[in-house]
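Read through the structure below, which is laid out as structure tokens, and then see the notes.
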């Protein structure tokens, strides 16, 4: 089964980051706003959030009404795998964020939840309503 990887990182400047990945590495950009950008890097999703000058103490950013972790990685899976994984983790009484729908009724709509690993890393599980929209622009 081919499964795209997702990695989210802070950046200092969205335009410079977009130029580097598009113009220098030849990657395609996807959804982009004033403060975040998705890059299709060989079929994998890199998300950059503009944090200005940052260090590893800058732990979150705002997307609409949600506060999300700036430093996280994850996996994009089908909705059945997503639901089974979410249910399994909840049944194990693990600290899982409540599932949320992001970009509802927009390009890139997806379900999401986070869990923290033993090292403190945030791991996101995403399931897109339409897989064709993983890298499409808003």
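Looking only at residues in the stretch 88-99 that are at pLDDT 85 or above and surrounded by 12 or more Cβ atoms within 10 Å (Cβ to Cβ), the one that is nearest to residue 38 (Cα to Cα) is 96. The condition of being more than 22 Å from residue 131 (Cα to Cα) and surrounded by 12 or more Cβ atoms within 10 Å (Cβ to Cβ) holds for residue 10.
Filtered by the rule that a residue be free of Cβ contacts under 8 Å to residues at least 40 places away in the same chain, within 11 Å of the chain's Cα centre (by Cα) and under 17 Å from residue 32 (Cβ atoms), the stretch 100-138 gives 102, 110.
For (1) modelled with pLDDT of 85 or more; (2) assigned to a helix (DSSP H, G or I), each residue gets a yes or a no:
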{"residue": "22", "(1), (2)": "yes, yes"}
{"residue": "29", "(1), (2)": "yes, no"}
{"residue": "38", "(1), (2)": "yes, no"}
{"residue": "49", "(1), (2)": "yes, no"}
{"residue": "58", "(1), (2)": "no, no"}
{"residue": "61", "(1), (2)": "no, no"}
{"residue": "83", "(1), (2)": "yes, yes"}
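The values are calculated or read from the model by the stated rules, or taken from the named source; none is laboratory data. Keep in mind the model is a prediction, meaning the values are calculated, not measured. Neighbour counts are summed over all protein chains in view; Cβ atoms, including those assigned to glycine, are modelled from backbone coordinates with ideal geometry.
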